[in-house]
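Take a look at the structure below.
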Amino acid sequence: MGRFPPLLWLLLLALLLLPTAAGRVLLDLAGGLLITLLALPVVLGGLGWIGWKVLQSRVRTCEACGLSTMTRDAQCPACGSPLPARTSGASKEKAVDDSLPASDVTIDIKAEDVDP
């Protein structure tokens with residue numbers, strides 16, 4: 001199979017340039033393929049983001065050892081402590097208690113010089 005004959009290139013170019021039904025079909029086909037190729041990464045990215053959010057919603061973190069797991073068991077597979085229950089709702093964050101003074105919930109850190 002060598003090169004594509006120049007006569008066939010000219011015929012294809014004439015089909016595209018001349019206002020014939022075959023030229024319209026080829027232009028519509030090329031436009032549809034171009035739109036599909038441009039839209040495909042956006043659609044795949046959106047599906048990947050939705051899948052990532054679904055996986056994140058299924059992950060539970062052990063409060064004792066910090067292991068993140070997707071197990072359905074009520075106990076942590078690493079340390080055996082009970083895993084937090086799954087909450088079904090918009091707010092999964094813990095409620096903040098504003099009635100406590102800030103000095104009770106902050107950690108005081110003292111800087112010390114270390115001699116080498």
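Things to note:
- Value of [θ]222 nm, deg cm²/dmol, for the chain, DSSP H segments ≥ 4, -39500 (n - 2.57) each, nearest 500: -16000 deg cm²/dmol
- Cα long-axis angle, helix 6-17 against the chain (0 to 90 degrees, to the nearest 10): 70
- Helix 21-58 and the longest principal axis of the C-alpha atoms of the chain enclose an angle of approximately 10°.
- L83 long-range amide H proximity, modeled H, under 5 Å: Q75, C76
- Normalised by 2.2 N^0.38 Å, where N counts its residues, the alpha-carbon radius of gyration of the chain equals 2.35.
Taken together, the values in this text are just the output of simple stated rules run on the coordinates, not laboratory data. Because the structure is a prediction, the values reported are computed rather than measured.
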